[in-house]
């Protein structure tokens, strides 16, 4: 690879670089395996000579149809995170859509979920339970952020991913299609009584502030509403669950 | 504070320092608030002059019975993580026991959960659902690791925390007391059919390898067994759920 190509790839750790180039990085043996085995649009695989000598990596390189570049370890480290890549990374074309096409239920929507680890874990959980589409607004961490990709553990290849400026239009369209809109909150229906059916959408709010007002307002008029996960009496110190844990509890009840 | 005192506190970001000194750091306004409001054994609060001027921090400093030290921002940054502490950190005496005393059910046991963020999220979830005791083995990340403390969001003050060299003796004692032992796995009873009752214990295994063989063996003879969370058909890319998400799903079903 040329200096310039490596420099371009290094830009993919940042949101701006990913947007400009329309591609992103997949780091580490397990993540690259998941991409290759899912038929992801992988353009290239970069590998160090040392990693290529590994049995599992060698098998992976034989399976991929993408161009394989053997690069020096220091060059690979300039592109990705050395600890994560362990000598292997793939470059994939973006898989995130803009939501202009139809959005199939069951849908999970993320309303300002800021931590890439949470976004990735939510995509992983959504894939596990058979969610069709995960939609993120512009305050939600990028699905193709390296930490989100890693935390999704291959889930990004199993669900349709959509990114929109804000969730309003998506929610209005879903409601127009007869999809019941639900949002995770600290009040409303208890998850133990909750049975939304498959033609529904669930919104998870931000780690610090929960659902935005505009989103909560829309849920009231959609045949859905708010759903909460009751805690034990006397859990004084803890005010809420982690957003990916809460998402897991709700998706398990809904689709499990 | 003297140079030496600050140097000692800086050792608390490491496991060895915490073990030697029997105390740990609580960083950031929310976490220190949770500690003070839960009556945690806080020895001292360190705050920058700038942070002390904040309304919320000032109220917090009035509530705590601990000694308050105003320190320079660069000194605080030497002790804790600047991004996390936001000018405030507390020093608490250790709250982790050695399991020599009685261990009350419901119990959550961690069998080599290595990521401090997962350990903290599991403690947070355990506190939310009213688990009495969380036990970690020596391959599990330290409950008092700064990342685990932060991820627990105050949960460490609501549950009894125990650290043991390995889980074998704890499981044998629980089984001897008639507590049913369950372990999260990819097979066994489906969570949708699972109803362990309160006098039970649940073991979560490591992120990469699940339950250790020695633990899985013990579950078979305890009136419990293995429990799994079924995924959707065709979720090809994703092999499992994140351990804190799986823990949330199981605890919600068990105690929710």
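The values are calculated or read from the model by the stated rules, or taken from the named source; none is laboratory data. Remember, it's a predicted structure, so these values are computed and weren't measured experimentally. So basically every Cβ, Gly included, is an ideal-geometry build from the backbone, and we count neighbours across all protein chains shown.
Below, the figures for the structure above:
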item: Single unsatisfied condition, residue A:237 versus (1) at pLDDT 95 or above; (2) over 28 Å from residue A:27 (Cβ atoms); (3) within 8 Å of chain B (Cβ to nearest Cβ); result: (1)
item: Residues of segment B:247-256 satisfying the condition of being crowded, with 23+ Cβ neighbours inside 10 Å and at the interface with chain A (Cβ under 7 Å from one of its Cβ atoms); result: B:248, B:249, B:252
item: Top-ranked residue of segment A:236-246 - restricted to ones that are in contact (Cβ under 8 Å) with a residue 24 or more places away in the chain and more than 19 Å from residue A:130 (Cβ to Cβ), ranked as surrounded by the most Cβ atoms within 10 Å (Cβ to Cβ); result: A:242
item: Tally, over segment B:211-234, of residues that are within 14 Å of chain A (Cβ to nearest Cβ) and touching a strand residue (DSSP E or B) at 6+ places or on another chain (Cβ under 6 Å); result: 3
item: Residue in segment A:107-134 that is surrounded by the most Cβ atoms within 10 Å (Cβ to Cβ), counting only those that are touching a residue at least 40 places away in the same chain (Cβ under 8 Å), facing chain B (nearest Cβ under 10 Å) and touching a strand residue (DSSP E or B) at 6+ places or on another chain (Cβ under 6 Å); result: A:126
item: Residue selected from segment A:135-160 under the condition surrounded by fewer than 24 Cβ atoms within 10 Å (Cβ to Cβ) and away from chain B (no Cβ under 12 Å), by the criterion nearest to residue B:232 (Cα to Cα); result: A:160
item: Filter result for residue A:195 (more than 24 Å from residue A:24 (Cα to Cα), buried (at least 18 other Cβ atoms within 10 Å of the Cβ) and away from every other protein chain (no Cβ under 12 Å)); result: no
item: Residues being crowded, with 23+ Cβ neighbours inside 10 Å and closer than 16 Å to residue A:14 by Cβ - total across segment A:75-90; result: 3
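Matching residues to (1) at pLDDT below 95; (2) touching a helix residue (DSSP H, G or I) at 6+ places or on another chain (Cβ under 8 Å); (3) on the phi < 0 side of the Ramachandran plot:
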{"site": "A:155", "(1), (2), (3)": "no, yes, yes"}
{"site": "A:186", "(1), (2), (3)": "yes, no, yes"}
{"site": "A:202", "(1), (2), (3)": "no, yes, yes"}
{"site": "A:206", "(1), (2), (3)": "no, yes, yes"}
{"site": "A:220", "(1), (2), (3)": "yes, no, yes"}
{"site": "A:224", "(1), (2), (3)": "yes, no, yes"}
{"site": "A:232", "(1), (2), (3)": "yes, yes, yes"}
